[in-house]
Amino acid sequence: SLPNRIVISNDNTFFILTWFGKLFKSTDHGVSWLECTKPWSDYSGYYDLKLTSDNYIWATSWERPMRCSRDGGVTWTTVGTGLLNMDILGDIYRLTNGTLFFHSASNMYLSKSTDDGHTWTPVNAPRYSTKFYITDTDELILINQENGISIFKSTDQGLNFTLKHSVMPQFGTRMDHIIHK
């Protein structure tokens, strides 16, 4: 079925997303697989998929509303009031207090939700961000293209961001997968 992405939940459930919009899961480390329902029943194309620390599955696709499964891919609900239908899921994280942060890969901005992802409000963060991460201590790390590549940090849940470091690369560069614990 041409796998596209593999993600692993906190309870060691493996999810495989195919290029044709099918989602499979395994709770026994890949010995057996179960096909999950699709986020959009009428859509059989590529979509972006991420998991949050509570094992919620989040999915976005071009010009479709964000969908969320809170039961391991059995059912899906439309969420994301306040987001654009063309927002592509870059990163999504949940703070220890339950607040969610959504980073749009297509529109390069940050939003937050305090109602489990149903509604989202923009965060006054540096624009044109390319990568977002939340640490185990709820610090927000945002990388953008200001002055080359800049790293910003917020220790107050996104109310303020402080520039921590900038570097001007000599040649063009991408920083997609640079943040590791």
Residues with beta-carbon under 14 Å from that of ASN55, excluding ASN55: net charge, scoring Lys, Arg +1 and Asp, Glu -1? 0
nm² value of the averaged projected area, convex hull over the Cα atoms of segment 1-132: 7.7
The chain - charge dipole about Cα centre, Lys and Arg +1 at Cβ, Asp and Glu -1, debye rounded to 20: 340
Can you give me the convex hull volume of the Cα atoms of segment 1-46, divided per residue and expressed in Å³? 68
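Based on a Kirkwood Rh over C-alpha pairs, give the Stokes-Einstein translational diffusion coefficient of segment 56-106 at 25 °C and viscosity 0.890 mPa s in µm²/s. Working shown, then result.
Working: Rh = 11.4 Å.
Stokes-Einstein gives a translational diffusion coefficient of 216 µm²/s.
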Have a look at THR155, GLY30, SER44 and report the one farthest towards the positive end of the charge dipole of the chain, computed about the Cα centre with Cβ charges (Lys/Arg +1, Asp/Glu -1). SER44
Compute the accessible area per residue over the chain, keeping the other protein chains in place, probe 1.4 Å, unit Å². 54
For the chain, please report how many Lys pairs fall under 30 Å Cα to Cα, leaving out neighbours fewer than 8 apart on the same chain. 27
Which percent of the accessible area of the chain is formed by carbon and sulfur heavy atoms (probe 1.4 angstrom)? 54
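The values are calculated or read from the model by the stated rules, or taken from the named source; none is laboratory data. Predicted model, so just to flag it, every value in this text is computed and none were measured. Cβ atoms come from the backbone with ideal geometry, glycine included; neighbour counts cover every protein chain shown. Surface accessibility is based on the protein's heavy atoms, side chains included, excluding ligands, DNA and RNA. Shrake-Rupley method; radii C 1.70, N 1.55, O 1.52, S 1.80 Å.
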